[in-house]
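Comments concern the structure below.
Please treat every number below as a calculation from the coordinates, not as lab data. The shown structure was predicted, so the numbers you read here are calculated from the model rather than taken from an experiment. With ideal geometry, Cβ positions are generated from the backbone for all residues, glycine too; neighbour counts draw on all protein chains shown.
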Amino acid sequence: MAFRLGSAMTASNPKLIIAGGGLAGGLAALALAERRPDVDFLIVEEGERFGGNHVWSFFDSDVADCDHGLIEPLVARRWRDHEVRFPNRNRTLGFGYSSVRSADLDARMRKALAPSRYRLGSRVAELGPNHVTLATGERLAASAVIDARGAGPLPRLDLAWQKFVGLTCRFEDDHGIARPVIMDACVDQDDGYRFVYSLPFSATQMLVEDTYYSTSPILDVPLVRCRVGSHLLRRGLEPAEILSQEAGVLPILLGGRLEDLWSASDPPVARLGLRGGFFHPTTGYSLPDAVRNAVLLTEQAEFTSDALHAVFRRRAEALWQQRRFYQRLNRMLFRAAEPKRRYRVLEHFYRLPEPLIARFYAGRLTALDKLRILSGRPPVPVGRAMTAMRERRA
Ligand SMILES: Cc1cc2nc3c(=O)[nH]c(=O)nc-3n(C[C@H](O)[C@H](O)[C@H](O)COP(=O)(O)OP(=O)(O)OC[C@H]3O[C@@H](n4cnc5c(N)ncnc54)[C@H](O)[C@@H]3O)c2cc1C
């Protein structure tokens, strides 16, 4: 029998449990608290605060107008436009870019959720459709469970990596960067496609990340941190203070089957965020999917594990199909281009019209867009490009 949640339930009733209070789990909890006061839930996070230590950014066009209401209150800074820089192409693109800081997600969740709705510092050791067991051995009964514990093991997917170290720096004087520079590829190419990403939060504060599109997930954090400093010095900028550091190794999808993430033999537990494969195949970014999924969760009538599993598996399946084209492009980027020349694929891509580029990042390419992306002379050997796009690893 479907177990329906309701405000009349007492604290001892099993409730919906969200495992993992990062981006996807946190947004799901916030959305439920704001839009579905009838749904009783508990979010369980192993860290001492929600969201970890990230700056999450997105193009404004990545999030549907009807979903902006959920993310808008969390936006720390919004810019009207942004730039890309390549050896043979500089371009300013007129669609907005926004950033959310995990500290703001943490603050908002603590404000919006009653203390009975969350547990911090609680590691989930194991979970199933109707229970969560904590590392302490405590077993929590649940009417439904959602797994939002971030990326799990991905051994069977064909992956490459976007990896980076970023420093948020304070400068004594105006650093002179007016808008986000999403990719500055005018740097030595090393370990694949390398670029520097800069977000000027204010005239004297900026996040600067040294980024690599690489076939290896190994990230030498001290080395890359030094490279951020060298990059700034070469541009005549010396930070007065490093306010924070972040590092990431994000999956870039080249191929694989959805079943490798949502195995039919697993118990029916819905997955959100990276755990469910909800990320852009070419950037590894997951904020737009996390927003859409959080809103979708609030639209459900039935909060059982079976029902939620069916809804989010279906959505993962639909996105997987819809985004297959990105896997082919990724294979072209990683397998047809020499690592040191990978930047030319992106330089070539940025010749395209602005609305198409916005749709690319939003995951909403039309059939015509796909043709346009592939039209013209590719910046890699044609034969290798064709082979890479066709090829699927066993
Ligand atoms: C430094 C960095 C910067 C990024 N920048 C962007 C960006 O600008 N834009 C973008 O869209 N994406 C970005 N990403 C990629 C991706 O969107 C993020 O990784 C995002 O946080 C993934 O969301 P998630 O909810 O799946 O995982 P997470 O946000 O990592 O959340 C998982 C949560 O589960 C908790 N957890 C894990 N295991 C357990 C357990 N056993 N018990 C209890 N809790 C557990 C973790 O502590 C964590 O809080 C970035 C990633 C990193 C690492």
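Quick notes on this one:
- Of the residues 294, 274, 26, the one whose Cα sits farthest towards the positive end of the charge dipole of the chain is 274 (charges of +1 on Lys and Arg Cβ, -1 on Asp and Glu Cβ, taken about the Cα centre).
- Projected label distance in nm at residue 190 and residue 263, using a 7 Å step from Cα toward the beta-carbon: 3.9 nm
- FRET efficiency for residue 13 and residue 66, using Cβ-Cβ distance with R0 set to 30 Å, rounded to 0.05: 0.40
- Neighbourhood charge, 14 Å Cβ-Cβ cut-off, centred on residue 219 and excluding it, Lys, Arg +1 and Asp, Glu -1: -2
- Straight-line cross-link partners of residue 370 among the aspartates and glutamates, defined as a Cα under 20 Å from its Cα and at least 8 positions apart when in the same chain: 62, 347, 354, 391.
- Semi-axes of the equivalent ellipsoid for segment 200-335, Cα gyration tensor, largest first, Å: 36, 19, 13
- Cα long-axis angle, helix 287-298 against the chain (0 to 90 degrees, to the nearest 10): 20 degrees
- Relative to the longest principal axis of the Cα atoms of the chain, helix 23-35 runs at roughly 50 degrees.
- Partner lysines whose Cα lies under 25 Å from the Cα of residue 163, excluding those fewer than 8 positions away in the same chain, are identified as 340.
- Multiplying the residue separation of residue 233 and residue 374 by 0.36 nm and removing their Cα-Cα distance gives an extension gain of 46.9 nm.
- Average Cα contact separation per residue, segment 116-162, under 8 Å, 6 or more apart, as relative contact order %: 23 percent
- Across the alpha-carbon set of segment 1-129, the Rg to Rh ratio works out to 1.09, Rh being the Kirkwood radius.
- Charge context of residue 173, other residues only, Cβ under 14 angstrom, K/R +1, D/E -1: -2
- Cα-based Rg and Dmax for segment 190-239, where Dmax is the largest Cα-Cα distance (Å): 11.8, 36
- Considering only the chain, percent of DSSP beta bridges that pair antiparallel, nearest 5: 75 percent
- Sorted from longest to shortest, the spans of the Cα atoms of segment 10-57 along the three principal axes equal 36, 23, 11 Å.
- 222 nm mean residue ellipticity, helices alone, for the chain (DSSP H n ≥ 4; -39,500 (n - 2.57); rounded to 500): -8500 deg cm²/dmol
- Summed residue charge, Cβ within 9 Å of residue 189's Cβ, Lys/Arg positive, Asp/Glu negative: +1
- The Cα atoms of segment 32-76 give a gyration tensor whose axes a ≥ b ≥ c have a/c of 1.5 or more with a/b no greater than b/c, which makes the shape oblate.
- Percent RCO, i.e. relative contact order, over segment 174-235, from Cα pairs under 8 Å lying at least 6 residues apart: 26 percent
- Furthest towards positive pole of dipole, 320, 115, 224, structure part the chain, Cβ charges: 320
- Pairs of C-alpha atoms in segment 53-164 farther apart than 25 Å represent 49 percent of all such pairs.
- For segment 103-127 versus segment 306-343, the gap between their alpha-carbon centres in whole angstrom: 31 Å
- Computed log₁₀ I(q)/I(0) - Debye formula, equal Cα scatterers, no solvent, segment 286-359, q 0.12, 0.14, 0.17, 0.21 Å⁻¹: -0.54, -0.67, -0.82, -1.00
- Here the dipole of segment 259-394 is about 940 debye; that uses its Cα centre as origin and unit charges on the Cβ of Lys and Arg (positive) and Asp and Glu (negative).
- Projected area averaged over orientations for the chain, convex hull of C-alpha atoms, nm²: 19.7 nm²
- Taking all Cα-Cα distances within segment 101-233, those exceeding 21 Å account for 62%.
- Put a plus charge on the Cβ of each Lys and Arg, a minus charge on the Cβ of each Asp and Glu, and nothing anywhere else: the dipole of segment 93-172 about its Cα centre is then about 200 debye.
- Over segment 144-184, the Kirkwood radius and the radius of gyration, each from Cα atoms, give a ratio Rg/Rh of 1.19.
- Charge dipole (debye, nearest 20) of the chain; +1 at Cβ of Lys and Arg, -1 at Cβ of Asp and Glu: 1300 debye
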